[in-house]
Amino acid sequence: MTSKENFFRYTVVAFLLTLLALVVYSYSQIDLNLTLTAFAPYQRVQRSLIELGYFQRPLSTIIFVLLVSLLFVFELYFIRLIRRGAMGASDALKLTLVTGVILAASYPAFSHDIFNYIFDARLWITHGVEPWRYTALDFPADEWTRFMHWTHRTYPYGPFWLPLTIPFYLLGMGKFTLTLFWFKLLGLTAYLVIAKLIQKILMITDPKHAALGTVLYCLNPLILIESLVSAHIDTTMTAFLLLSIYLALTQRRKFVSFLLLVISGGIKFITAAAIPVWLWWMTKSKKTTEAVTLMLAAVVLATIAAFVSREILPWYVIPVLALSSLLPRQVDLKILNIALSLGLLLRYTPFLLRGDYSPWVESTRNLLTGIPIALAVVVILWRRKQKFLPSLP
């Protein structure tokens with residue numbers, strides 16, 4: 001075995017250890033009113049992690065920044081290996097599978113949305129009421145409300161999300177920890193489906209860069225945290241979007257492809273912006289690259305509108321990053337996506353440090369998001385300027 005092969009193996013091991021560290025760290029953010037299990041050894045570890053997350057906030061923030069930084073370093077390293085031909089599409093997919101399985105064991109540390117997904121299904125199945133008319137606050141005696149946030153809101157998503165979650169809620173058999181496991185499994189499944197679809201699409205449109213596209217999405221730290229740790233609805237929405245693109249690309253089941261796109265848009269609306277582009281793509285028989293580029297532009301505009309109307313939330317860019325991964329030759333796009341992912345993940349650090357949403361936290365979050373994006377724009381402009389400079393004699 002050569003020294004390069006040894007180094008690659010050690011790097012993969014270090015990456016997997018970092019993922020395990022992220023899993024452990026995620027439990028430092030567990031809600032104080034939530035008990036996942038009464039198992040005594042777990043409880044001892046959990047108390048130490050709660051002490052870290054809630055009462056040693058500066059150290060907790062440093063650990064988070066270190067973990068995120070390492071994940072970006074590993075992603076860039078794997079991208080470099082692919083560019084050198086030392087890592088293929090099958091290697092990228094295997095690493096994605098292991099990554100998904102490890103992070104599926106994490107606690108949804110940085111968002112409470114998954115609890116709302118669960119309770120929406122609970123309102124419909126257990127309490128027998130419409131979640132778009134009733135809220136968790138209407139059932140104060142339900143013990144599951146103790147660790148929920150946003151208990152005042154009604155069901156805000158599209159018509160297809162709730163029916164999709166019902167089987168996973170039923171599999172939980174009324175046990176919260178088991179129900180949480182099944183909802184996390186839904187996120188993992190969507191993540192792995194996206195990984196396979198990115199590779200299958202690129203094997204048709206750009207086989208030389210299939211591995212690169214897979215890594216750009218599947219090992220992006222923002223995707224790892226928002227799709228696997230927090231298991232956001234946006235991952236499932238994106239899986240239906242890419243499945244629609246794949247079926248349309250292979251010229252099979254166009255009606256099914258359109259239906260899947262409608263389902264995607266009917267989960268959380270943002271990807272509905274791609275429907276007009278799909279219709280143009282199918283009727284005008286345009287190239288896939290052109291169609292994906294326009295879909296990306298449409299979804300970006302829809303995402304910006306969501307940011308403006310609500311707030312800047314990191315998981316909103318999941319479909320943006322997925323569509324971008326189908327255009328792996330676009331260097332400027334890769335630079336911008338990495339900077340965007342870093343900036344959005346850094347939004348968590350002021351809250352981890354202070355534990356509130358004070359004006360300082362809000363302003364600092366926006367600053368930390370803006371700096372990497374601004375630097376990326378500068379780098380992109382510099383690169384373009386270099387292309388047009390006359391070569392020196």
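The values are calculated or read from the model by the stated rules, or taken from the named source; none is laboratory data. Not measured: the values here are computed from a predicted model. Here the Cβ positions follow ideal geometry from the backbone for every residue, glycine too, while neighbour counts run over all protein chains shown. To get the accessible areas, we keep the full protein, side chains included, count just its heavy atoms, and leave off ligands, DNA and RNA. Shrake-Rupley method; radii C 1.70, N 1.55, O 1.52, S 1.80 Å.
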| field | Net dipole in debye of the chain [+1 Lys, Arg Cβ; -1 Asp, Glu Cβ; about Cα centre; nearest 20] | value | 1400 debye
| field | Protection proxy ranking, peptides 313-321, 347-355, 4-12, average beta carbon neighbours within 10 Å, highest first | value | 313-321, 347-355, 4-12
| Under Karplus coefficients 6.51, -1.76 and 1.60, residue-wise ³J(HN,Hα) of segment 10-18 in Hz, glycine/proline x | 5, 5, 4, 4, 4, 5, 5, 5, 5
| note | Given 20 °C, 1.002 mPa s and a Kirkwood radius over Cα pairs, the Stokes-Einstein diffusion coefficient of the chain in µm²/s is 97 µm²/s
| said: Cβ neighbours within 10 Å, averaged per peptide: list 193-203, 55-65, 90-100 in order, most packed at the top. | reply: 193-203, 90-100, 55-65
| task | Over segment 263-393, give the accessible area per residue in Å² for a 1.4 Å probe, as an integer. | result | 51 Å²
| Applying the Karplus parametrisation 6.51 cos²θ - 1.76 cosθ + 1.60 with θ = phi - 60° to the phi angles of segment 269-279, what ³J(HN,Hα) value in whole Hz is obtained for each residue in order, glycine and proline being reported as x? | 6, 4, 6, 4, 5, 7, 4, x, 5, 4, 4
| task | Express in whole angstrom the spacing between the alpha-carbon centres of segment 32-67 and segment 135-157. | result | 24 Å
| remark: With Rh as the Kirkwood radius over Cα pairs, segment 267-325 has Rg/Rh of 1.01
| request: Quick one: compute the contact order of the chain, relative version, from alpha carbon pairs under 8 angstrom and 6+ residues apart, as a percent. | output: 16 percent
| the chain - percent of accessible surface contributed by carbon and sulfur, probe 1.4 Å | 67 percent
| request: Could you run the Karplus curve 6.51 cos²θ - 1.76 cosθ + 1.60 with θ = phi - 60° over segment 342-347 and give me ³J(HN,Hα) per residue in whole Hz, x for Gly and Pro? | output: 4, x, 6, 5, 5, 4
| field | Where the Cα pairs of segment 319-364 fall when distances are cut into 10 Å bins, in % | value | 25, 35, 23, 16, 0
| note | Expressed to two decimals, segment 1-116 has a Cα Rg over Rh, using the Kirkwood radius, of 1.05
| task | Work out the length of the dipole vector of segment 253-356 about its Cα centre, built from +1 on the beta-carbon of each Lys and Arg and -1 on the beta-carbon of each Asp and Glu, and round it to the nearest 20 debye. | result | 360 debye
| Residue-level accessible surface for residue 127, protein heavy atoms, 1.4 Å, Å² | 60 Å²
| field | segment 1-92, relative contact order in percent, only Cα pairs under 8 angstrom and at least six apart counted | value | 28 percent
| query | Tell me, what is the FRET efficiency for residue 54 and residue 279 to the nearest 0.05, using R0 = 56 angstrom and their Cβ-Cβ distance as r? | reply | 0.65
| remark: Here the averaged projected area of segment 105-145, based on the convex hull of its alpha-carbon atoms and given in nm², is 3.4 nm²
| So what are the three principal axis dimensions of segment 27-184 from its Cα atoms, in whole Å, longest to shortest? | 57, 39, 27
| Solvent-accessible heavy-atom area per residue, rounded to whole Å², over segment 41-190 at 1.4 Å | 48 Å²
| Entries of 196/385; 268/334; 184/287; 175/334; 4/196 with Cα pairs more than 32 Å apart | 196/385; 184/287; 175/334
| field | Pairs of alpha carbons in segment 290-358 whose separation is greater than 16 Å (percent) | value | 54 percent
| field | Proximal charge balance of residue 379 [Cβ under 12 Å; K/R count +1, D/E count -1] | value | +3
| message | In the chain, if the dipole is taken from +1 on Lys/Arg beta carbons and -1 on Asp/Glu beta carbons about the Cα centre, which of 127, 102, 155 is farthest to the positive end? | response | 102
| request: May I ask you to work out the translational diffusion coefficient for segment 120-196 at 25 °C, viscosity 0.890 mPa s, via Stokes-Einstein with Rh from the Kirkwood sum over Cα pairs, reported in whole µm²/s? | output: 183 µm²/s
| What's the percent breakdown of Cα-Cα distances in segment 235-287 across 5 Å bins, shortest bin first? | 5, 24, 35, 24, 11, 2
